[in-house]
Amino acid sequence: MAASLSPPSLRPSLRPYSARLSPPSPAALFLRPPTTGSSDHRRPLRISARSTPVMDPTLKGGAPLPAVPTVVDVDLGNRSYPIYIGSGLLDQPQLLQRHVVGKRVLVVTNTTIAPLYLEKVTEALTVGNPNVSVESVILPDGEKYKNMETLMKVFDKAIETRLDRRSTFVALGGGVIGDMCGFAAAAFLRGVNFIQIPTTLMAQVDSSVGGKTGINHPLGKNLIGAFYQPQCVLIDTDTLNTLPDRELASGIAEVVKYGLIRDPEFFRWQEKNMQSLLARDPSALAHAIKRSCENKAEVVSLDEKESGLRATLNLGHTFGHAIENGIGYGQWLHGEAVAAGTVMAVDMSHRLGWIDDTIQERVLAILQQAKLPIAPPEIMTVEKFKDVMAVDKKVADGLLRLILLKGPLGSCVFTGDYDRKALDETLRAFCKC
């Protein structure tokens, strides 16, 4: 019998664990955060979080000064860009205007976000800047519209309004809008500038940073796209005030990921502050966004096009993408599918003998605390998982590579060198057939 798909249940589905299997050969890619004092001969990073102190909190006449954003820099040489994080940033037009190239702007948004923020963004782009004209295209909202047909609406608008190579595309919305707008910017006239204004926690902590753009195909998620970096990412944390609780929880799944794969101190902070995040405490959300962006920026700076290290940011995503595709795009939110996928990846890691019981228990506890699912829906079968995972982007030479935890909290591997029995056992543990 099929389980209800919206909202997903927290159905536990764990069977007894099999005997521990032998660890992979040294050929597997082993990844953990650098330790203090370790010798690291990779090129130096310029990952920073900075804010300018405000000595006087008011302007003359008693008007409050605008909040000073925290800035996280993504170091990609001549394609480096800032991530601005703070409250009320859409009311600071200079932040956006300094990154607009040319006189024509196309804002890409959706039917949910347009009534809330399109007018504010248009004003921020044009106030005191009369030479800039702004067009907009409003797309339907939802993962099921992240396809070629919807993408063409962006191109239609750009061509009809005669935008040129000095135009700037602005993505205003969540991960779907950011991915599609970025892909459109990469392809239109072989590349125009674009800016990310993410309005969901999921997009703010993950998808808006790093230049991954694209659309889904009926046979697989995000199989069509390009690496294309924005001019800047502007995260106005006030936009989270209009975010539904379910969307907020979905974003937390990506926050948890950073702690598991590379930042154990951040994970421990999450365990202590999860209720504050769910209650939308501004300082807790600001810290979670900042620390997530710092982690993502560092990884992207070292491995922009996902040759190895960056793949670890996809913990749980191979299983999660299979869930999204298998039940139909949009039935579960991306973070919900990733949460269940993370539990499956952790289960497999435990079966392989790569992590201890404590890590597995902590993962289950924090995801349940965040009100995220810890198992796929019952309609997902072993065969469905295998069919979709066979066309995952991380397949190389016919071999499915996975991100799995290994060792202490904050360490992981990206490898195809694992015992296939463990994968089969994990799939059977979470699927009825």
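The values are calculated or read from the model by the stated rules, or taken from the named source; none is laboratory data. Keep in mind the model is a prediction, meaning the values are calculated, not measured. As a convention, Cβ positions derive from the backbone with ideal geometry for all residues, glycine included, and neighbour counts pool all protein chains shown.
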Need pairs with beta-carbon distance below 9 Å; first residue closer than 29 Å to residue 152 by Cβ and polar (S, T, N, Q) and within the range 219-247, second modelled with pLDDT under 95 and assigned to a helix (DSSP H, G or I); sequence gap 6+ or separate chains. 222/321; 229/79; 229/300
Filter the range 361-398 down to residues that are free of Cβ contacts under 8 Å to residues at least 60 places away in the same chain and under 20 Å from residue 313 (Cβ atoms) and give me whichever is surrounded by the most Cβ atoms within 10 Å (Cβ to Cβ). 395
The correct count of residues that are crowded, with 24+ Cβ neighbours inside 10 Å and either in a helix (DSSP H, G or I) or under 16 Å from the mean Cα position of the chain (by Cα) (or both) in the range 184-194 is 2
Can you tell me how many residues within the range 287-310 are buried (at least 18 other Cβ atoms within 10 Å of the Cβ), in contact with a strand residue (DSSP E or B) (Cβ under 9 Å, 6 or more places away or on another chain) and small (Gly, Ala, Ser)? 2
Looking at this structure, is residue 219 more than 15 Å from residue 180 (Cα to Cα) and at pLDDT below 95? yes
I'd like to check something: does the range 335-346 contain any residue that is surrounded by 24 or more Cβ atoms within 10 Å (Cβ to Cβ) and in contact with a strand residue (DSSP E or B) (Cβ under 7 Å, 6 or more places away or on another chain)? yes
Quick one: is residue 388 in contact with a helix residue (DSSP H, G or I) (Cβ under 6 Å, 6 or more places away or on another chain) and either of a type in the set (Ser, Thr, Tyr) or in a helix (DSSP H, G or I) (or both)? yes
Among the residues listed as 366, 355, the single one being under 17 Å from residue 257 (Cα atoms) and assigned to a helix (DSSP H, G or I): 366
Give me the pairs: first residue in the range 76-94 and in contact (Cβ under 8 Å) with a residue 40 or more places away in the chain and closer than 16 Å to residue 209 by Cα, second residue among the acidic types (Asp, Glu) and surrounded by fewer than 20 Cβ atoms within 10 Å (Cβ to Cβ), beta-carbon distance under 8 Å, and six or more apart or on different chains, which are they? 76/304; 81/73; 82/73; 83/73
Between a residue in the range 289-314 that is farther than 17 Å from residue 264 by Cα and any residue that is crowded, with 23+ Cβ neighbours inside 10 Å and among the small types (Gly, Ala, Ser), which pairs come within a Cβ distance under 6 Å, given they are 6 or more apart or on different chains? 300/210
Quick one: how many residues across the range 198-213 are farther than 18 Å from residue 79 by Cα and outside any helix (DSSP H, G or I)? 3
Taking the condition of being touching a helix residue (DSSP H, G or I) at 6+ places or on another chain (Cβ under 7 Å), surrounded by fewer than 20 Cβ atoms within 10 Å (Cβ to Cβ) and of a type in the set (A, V, I, L, M, F, W, C), how many residues in the range 241-271 meet it? 1
